[in-house]
Amino acid sequence: MNSSDTSFPPPANPLSEPPPLPSLPKSETEADGAPAMTPIRETRPASHAAREPISWPDLYPRILRWTGALILAVAALCFLISGWVNGSPLLRTGSFLGFTALLSGAGIFCAYRWREDKGARTFLALATAFLPANFAQLGALTFAQAHGSLGYSVGLRKVFTFAPVGETMLLAALGISLLVLVPVAFTGFSALARSGAKKMTVLFLAGNALLLLPWRDANLVAGLGAALVAGLIVADRLWFSRESSLKTWDGVAMRSLLFAPAVLLVVRNVCMHPLTDGLIALILAAVAALFTLGLPSCTQRRGLGVASQVIGYFIALLAWFFTLQACYPGNLPNEEILLPIVFLPWCLALFGLSFKAEGKGIVTRGLAASVACLSCLLEIALYGEAGYLPSILGLLTALGLLLAAFTLEERTAFLAGALTLVVTLGYHLHLAFSFVQENLWISLAVAGTGIILASSYLERHGGGLRLRAKRLRRQWKRWN
């Protein structure tokens with residue numbers, strides 16, 4: 001694990017930071033011609049620290065810390081899937097709880113005995129990261145007590161398969177685990193994200209508490225996971241994203257760790273129980289959020305950011321489709337309105353997201369306008385004869401696209417709106433002509449009247465129309 005050059009922040013009471021080492025008087029240090037003793041840790045601005053090259057002697061401890069953290073993570077995985085799973089449920093839960101407490105104790109030892117903050121941060125971060133695994137095991141105990149053992153004997157499912165231990169032992173295991181895990185969580189967040197430690201601890205424990213619930217219905221899990229992720233995103237925007245101290249590597253890592261319980265909540269159901277459309281929709285929505293929000297922030301190239309967001313938008317469309325299937329189990333809504341229900345809300349959402357998208361959102365709005373136009377045209381072509389709904393939707397969509405085009409001065413939205421309007425009006429004219437064809441005199445009268453009215457309008461307003469056309473052409477050249 002990487003860490004900053006700043007000193008290890010003081011944890012919460014009852015522990016307190018040890019006093020600094022005393023420095024020798026200047027006369028004693030300069031008596032032998034040696035330079036005066038400098039403080040053990042220097043606090044430099046982050047910008048200066050980032051510019052200074054890292055020497056090989058400074059890099060060796062970092063490599064060792066990363067290697068040690070990786071070995072501990074692999075050891076924890078082996079600890080879970082080895083023959084240890086054949087032990088009693090309480091032995092398995094207690095062993096992993098002790099392992100987590102040992103990591104936290106090693107971090108405290110490094111901080112207060114050796115006064116070495118980077119190794120301490122590594123141990124405390126690992127201990128905090130193992131909390132969801134502890135809560136998942138407690139959740140397996142709770143599920144076994146409520147529903148009995150699932151009876152899996154091989155594979156990964158065996159890791160989360162427990163036998164009932166009785167209500168008394170279950171309550172004791174929950175109480176002892178909470179007494180250990182709550183201080184571990186607060187110590188870890190205090191070490192790496194001190195300014196938000198209290199709120200992060202509460203949010204992290206609340207998310208982990210969902211792992212204790214004894215229900216495994218996939219749609220219920222999808223709803224809980226979506227609510228948890230949405231709440232964490234709102235909390236991050238309100239409390240953590242504006243804190244400069246939480247924008248460092250340590251702060252970002254601990255902010256990301258808050259989402260680990262939601263990930264484990266979904267992964268556990270994917271591995272142990274049948275999938276449903278609601279859970280698939282949640283997984284696709286999470287992947288879409290990664291492509292639209294996460295990956296663009298990790299690259300400096302606008303083209304890659306735009307491409308990542310476009311991919312994320314289409315994954316979000318799949319998520320919306322599976323959401324509809326979850327809302328209408330067995331069959332989707334009437335096929336005559338399926339295209340508008342699937343595509344138009346998605347296009348409207350893209351227009352809203354475009355104002356926060358890469359490249360000023362021009363590509364995103366163009367994509368939304370094009371898809372909205374195509375969906376309306378397909379709706380008219382396939383189901384236009386069935387009623388007036390396709391025509392009404394086409395007119396409303398065309399009106400919205402044209403208003404957006406003139407407001408934002410964007411050509412793609414204008415072309416999409418104009419095409420939708422022309423096709424929709426053309427369809428209405430087609431219906432009108434099919435009616436008047438049965439009465440020839442009506443069609444001739446309408447045509448003659450229309451020609452005379454057009455000639456009169458051109459005679460009276462022809463010059464104004466030419467001026468408007470020139471002005472529109474000049475504006476068109478300035479549009480995006």
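Since every read-out is calculated from the coordinates, none of them should be taken as a lab result. Since the model is a prediction, treat every value here as computed from it, not as a measurement. Backbone-built Cβ (ideal geometry, glycine too); neighbour counts: all protein chains shown.
A few comments on the model shown:
- Among Leu257, Ser241, Trp215 the positive-end extreme of the charge dipole of segment 209-280 (Cβ point charges): Ser241
- Summed residue charge, Cβ within 15 Å of Trp346's Cβ, Lys/Arg positive, Asp/Glu negative: 0
- Here the calculated FRET efficiency for Lys199 and Val263, from their Cβ-Cβ distance with R0 = 22 Å, stands at 0.60, rounded to the nearest 0.05.
- Summed side-chain charge close to Gly278 - residues other than Gly278 whose Cβ falls under 15 Å, Lys, Arg +1, Asp, Glu -1: -1
- Contour excess over end-to-end distance, with Cα ends at Tyr388 and Ala418 and 0.36 nm allotted per residue: 8.8 nm
- Semi-axis lengths, Å, segment 89-130, gyration tensor of Cα atoms, sqrt of 5 times eigenvalues: 23, 10, 4
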